Amino acid sequence: MAKIIKKTVTVLIADDQTLFREGIKDLLEDENGISVVGEASNGPEAVAMAKKIKPDVILMDIKLPQLDGIAATRIIRKECPQTNVLILSSYEDEAHVTEAIQAGANGYLSKMLPASELVHALKTFTSDGVMIPQPIMGKLIQGLRQMGQPGYENAPDALTATEIKVMSLLGKGNSNKEIAAALGCSVKTVKNHLNSIFQKLAVNNRTEAVVKAIEKGLISHEGQ
């Protein structure tokens, strides 16, 4: 019987703070299934290393010297589409999250995230997912639920209760298979829900769906 070999996730860390960068490297190198293949201390270096090494994932800080993390992400996602970029930042406001996702980032994680959750995110993340902070995602889902309230349910872009659940799971970075398992349906059904969401929001993919929902003002700013 053939032995199943799990793919090691290769990671490039881009952060200008040496102690933080080395701390993340030490943390990840102790984990099976994750290999740190490079470190960058500024934007241009991150771009150059991404092109040369072609890592699976880049943990990218926003405030990088010479070329900020958003600009670096935009270049990398265009020139190295197979490389996923997860922003790792101390900023968790909607403006930074939206700008990062619009630049092509596959996810946005807080530097305050427990180490175990960062490791889990790297091991379970798939390129067709979009990870954004749960406080922001919570506000997004609250806004999406307003689309099902009286007076809105007949609107052409109103999302169903199931579609709202799909969006919630999407924001956690789940794959189609994981969403299907959570909803107790087939992957084909999930794809149908996603296609419906994309059509209603006039977008082409998951990332655009999250960005469009934010741009449409579906995030509630109350309680900030």
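Results, tabulated for the structure shown:
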read-out: FRET E, pair residue 79, residue 35, Förster distance 22 Å, beta-carbon r, rounded to 0.05; value: 0.50
read-out: Burial ordering of 131, 112, fewest other beta-carbon atoms within 10 Å first; value: 112, 131
read-out: 21 Å Cα-Cα threshold exceeded, pairs from 52/172; 165/188; 7/78; 54/78; 54/123; 25/52; value: 52/172; 7/78
read-out: Estimated FRET transfer efficiency when R0 is 25 angstrom, pair residue 7-residue 188 (beta carbons, to 0.05); value: 0.50
read-out: Label point distance in nm, residue 71-residue 115, each placed 7 Å from Cα along Cα→Cβ; value: 3.4 nm
read-out: Burial order of peptide ranges 40-52, 181-193 (average beta-carbon count within 10 Å, highest first); value: 40-52, 181-193
read-out: Positive minus negative residues near residue 66 (Lys, Arg vs Asp, Glu; Cβ under 12 Å); value: -2
read-out: Backbone N under 19 Å from the residue 19 label point (7 Å along Cα→Cβ), restricted to the range 35-53; value: 40-42
read-out: Additional length obtainable on full extension of the chain from residue 160 to residue 124, 0.36 nm per residue less Cα span; value: 10.2 nm
read-out: Local electrostatic count at residue 50 - Lys and Arg +1, Asp and Glu -1, tallied over other residues with Cβ under 13 Å; value: +2
read-out: Cross-link reach list, aspartates and glutamates versus residue 191, counting only Cα pairs under 13 Å and skipping chain neighbours closer than eight places; value: 128, 163, 178
read-out: Nitroxide proxy distance, nm - points 7 Å out along Cα→Cβ at residue 177 and residue 204; value: 2.7 nm
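Just so you know, all these numbers are worked out from the coordinates, no wet-lab data involved. Being a predicted model, the structure only gives us computed values, none of them experimental. FYI the Cβ positions are ideal-geometry reconstructions off the backbone, even for glycines, and counts take in every protein chain you see.
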